[in-house]
Each structure stands twice: as C-alpha cells, then as structure tokens.
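The block underneath contains the structure these notes are about, expressed in structure tokens.
The values are calculated or read from the model by the stated rules, or taken from the named source; none is laboratory data. This one's a predicted model, so the numbers in the text were calculated from it and none came from an experiment. FYI the Cβ positions are ideal-geometry reconstructions off the backbone, even for glycines, and counts take in every protein chain you see.
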Amino acid sequence: MSTETGTVLIGAGLAAAHTIETLRERGYTEPITLIGDEAELPYERPALSKSYLQGKAGELQVHDARWYAEHGVDVRTSTSAVGIDRDARLVRLDGADPVPYGHLVLATGARPRTLGLPGADLPGVHTLRTKADSDRLRDALASEERWVIVGAGWIGLEVAAAARGAGRSVTVLEYGQLPLHRVLGERLGRYFLQLHLGNGVDLRTGVSASGIESTGSGLAVAVGDEVLDADTVVLAVGVSPNTELAADAGLTVDNGIVVDEQLRTSDPRILAAGDVAAAHNTRLGRRLRVEHWDNAIRQGRLAASTILGGGAEYDWQPYFFTDQYDLGMEYVGHGDPGDDVVIRGSLLSGEFLAFWLGDGRVTAAMNVNIWDVNDDLRRLVGRQIPADQLTNPSVPLSDL
C-alpha cells in the first residue's frame, strides 16, 4: 500500500478547483495532483450556454497556470485516468506512470446524453458541455441560419435564447407537455413556454425527434411525419454522470457516485464532489445529485474540509440561475412539480417572486428580475408561512 499522504483529484472542473483552493487556504501542505482529460485548466461552465456563447463573457478560468504553480499543484491536463487501485492507493493513467494518493477526489462530472438518436454523430449536430463545444456553437451562430434544438431544459432554452439573439430561426422540440415542468411545475413551465414563443421560437411540446439525416443543403430532423430542415442541431436532453471509474473500482454507484453527508464514498479515502456526486443532504434528509455551479463550488469546499478532518456537512439548499432574453432568474430550494405555486408580483410585468409550497411549507423560491433578495428567499425555504403573507408585497421578506 502507498504511504503517500497527498491528494489526487480526477476531473479538472469547478469542484476540483475549489477543493484545491480551500485545501491550500487552510494550510494543507501535502502534494496535490489534478488530472483532467480536457486541455483546459478548470473553468466556469454556466456562461458556456449564456454570455460566452453570445461572445460577451471574459475569462472563464478559475485560476491561471501561474496560480497552480505557485500553490504547488501538479496539473495534468489532456490526461485520462483509466483505473483506481484501492489496495495500493494508486490512480492508473493512460500512457503515464500511476499516481499514488492518500485521499482521492472524484470530480468526474457528467457527459451529454444523445439517447441513441440516429444521426447524432453527424457534422452540424452538437452537444454543449465544454468550452470547445461552446466555441463550435459560437462559430455556428455567426453563419448558420436554421437551428433545431432537441430538449427544452435549461441548456436548450439558453441556447435558443442565444440563437434568437443572433437573429437565427429556432425550433425547439420538447418531449414533455411543458418546458421545465419537472423543475418548475405547470404554472412556471407555461411562463417559460410563453417567454420563448413571444421571442419568436417555434417551441413544440409533446414531440420527439426520431432521427437526423444529412442532406445536400444541411440536416433533416424527423419529427413524427414531419421533417425539419436545419443547418445546426443541438441535442440538449440532459447528462449522464461519469461513474465508470468508481464502478470499476467497486464503489457504490446509483445515479451518481453515492457519498455520505461529508462526501465520502464507500471507501473513506475516496470522496466525490460536483455533478457526479449523489450525496446525502442533511437539510432535506435525502440523497441528491445536483448539476449546478453553486453546488460544485460548495461541494469542492466541503471535500477539502472532510480531507482536513472537519465536521462540515452537505446541508445547503440547491441553487441555480438562468439568463434568457431580458429575463434573469435565481432559484433556491428543492420544490416538487406538484407543489402549490404562489406569486408575489405580476407574471405579466416580468418582475415577480415565486414560492413553492408543499403541505404549507416553503420548498423552493425564485426571484425573476428582482435582485438582492435571494438570501432572504433562502432563509424562507423550509418554513411554514401562510400563502397570503408570501404574496403580500406590503410584508417585507425579512419580516417573514
């Protein structure tokens, strides 16, 4: 068995970057090795479907190469981990010597699904997960007129908004009866449907693509008995967690790498963080796998705390945000699509707060084009508050 006491991180994303940053901030002096299969240093992903895609974002990197060098981090980009030897505490690499570890953090993220759709590998058919993916879509925005987007989740709708902002013709195909229904429920799902219809998107619900073919003039997307002509097709039908390394190493896997409230896997020397981690949330009393920016940052910090012997736990409410057209939104909590939804303000005005209520208790809250209130909303989640107080604008949120 290796006597190495350092930390190795597989997956050079946001969770890994914040694990490293927190370890060094808290005085950790052991060796740190970062292994990532992308050529990039860890970077922020949310802008890839928003401002970066539109050519408006600046630098995405969390830290530059000099920072990692100054903090004694052995960074290995464009490097694939191919196995974990838990007995010897070694990470096996493709084409390089194995790396010993004292603690191992699996921050392997997720990959876009294609659902086995025929034609998904054709030129002009894209997914969006990496900076390179976003770069290709930016190039397409500059020249390709007809866009078909399969999937009306957050990525699909944000890409649709970017394409419409570039003046492109956009059709979105959604299998469900409403966009975002599983997250927001019927009332807010209809709101986002109308938002995109009002901005010129042909958003079709209750439909699915059955295949994509190449034609002499571009691409053809089969939808029932109809064929849609396209220059660019974007598959935005969710992601699958990258659990193969963990599974091959004998760790417990169930829609992600299963970890406890301190992000420990079934092997206490191995942790998982970020999109791949199916972690026990002590606030909600259930296991969650959350695919959002805020969670990756927080879990990175928690992984570092656990390595250092701290007692912190996964006890925060999920948070995410979106920007589409002139809509900016933040959401905190974990609502159910069947929860009652009440609104403070007016949906028609485009400035409002929404609250999800399950058994009279606030399960989630959302602010749309109203700012500097998310901390107050976070404090309301989990409380039993009458709906008439939540919707009454004369009652300050802080009083609730």
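Please work out which one of (1) in the same structural domain as LEU251 (by TED's automatic domain parsing); (2) surrounded by fewer than 21 Cβ atoms within 10 Å (Cβ to Cβ); (3) within 18 Å of the chain's Cα centre (by Cα); (4) charged (D, E, K, R) is the condition ARG45 fails and give its number.
Every condition holds for ARG45 apart from (2).
Considering only the stretch 123-137, state which residues are assigned to a helix (DSSP H, G or I) and either under 17 Å from the mean Cα position of the chain (by Cα) or under 17 Å from VAL239 (Cβ atoms) (or both).
LYS131, ALA132, ASP133, SER134, LEU137
Output the residues belonging to the stretch 346-363 that are in contact with a Leu (Cβ under 9 Å, 6 or more places away or on another chain) and closer than 19 Å to LEU284 by Cα.
Those that are in contact with a Leu (Cβ under 9 Å, 6 or more places away or on another chain) and closer than 19 Å to LEU284 by Cα: PHE355, TRP356, LEU357, VAL362, THR363.
Among the numbered criteria (1) touching a Phe, Trp or Tyr at 6+ places or on another chain (Cβ under 8 Å); (2) farther than 21 Å from ASP326 by Cα; (3) of a type in the set (Gly, Ala, Ser); (4) crowded, with 22+ Cβ neighbours inside 10 Å, which single criterion is violated by ALA209?
Of everything listed in (1) touching a Phe, Trp or Tyr at 6+ places or on another chain (Cβ under 8 Å); (2) farther than 21 Å from ASP326 by Cα; (3) of a type in the set (Gly, Ala, Ser); (4) crowded, with 22+ Cβ neighbours inside 10 Å, ALA209 misses just condition (1).
Given the residues ARG283, ARG344, which is the only one that is surrounded by fewer than 18 Cβ atoms within 10 Å (Cβ to Cβ), over 30 Å from ALA88 (Cα atoms) and of a type in the set (D, E, K, R)?
Criteria check complete, one pass: ARG283.
Could you tell me which residue of the stretch 224-257 is nearest to the chain's Cα centre (by Cα), considering only residues that are part of a helix (DSSP H, G or I) and without any contact (Cβ under 8 Å) to a residue 60 or more places away in the chain?
Out of the qualifying residues, it is GLU244.
Collect the residues in the stretch 97-113 that are in contact (Cβ under 8 Å) with a residue 60 or more places away in the chain, assigned to a strand (DSSP E or B) and not small (Gly, Ala, Ser), keeping them in residue-number order.
VAL99, PRO100, HIS103, LEU104, VAL105, LEU106, ARG111, PRO112
If a residue counts only when it is charged (D, E, K, R) and over 15 Å from GLY109 (Cα atoms), which strands (runs of 3 or more DSSP E) contained entirely in the stretch 12-95 have at least 1 such residues?
Qualifying strands (runs of 3 or more DSSP E): 73-76, 81-85, 90-93.
Are any residues in the stretch 301-335 farther than 30 Å from ALA152 by Cβ and in contact (Cβ under 8 Å) with a residue 60 or more places away in the chain, and if so, which ones?
ARG301, ALA303, ALA304, SER305, ILE307, LEU308
Only one of ALA120, ALA161 is part of a helix (DSSP H, G or I) and either in contact with a helix residue (DSSP H, G or I) (Cβ under 6 Å, 6 or more places away or on another chain) or not assigned by TED's automatic domain parsing to the domain that holds LYS56 (or both). Can you tell me which?
ALA161
With the requirement that a residue be touching a residue at least 24 places away in the same chain (Cβ under 8 Å) and under 16 Å from LEU53 (Cβ atoms), what does the stretch 164-186 give you?
Scanning the stretch 164-186 gives ARG164, GLY165, ALA166, ARG168, VAL170, VAL172.
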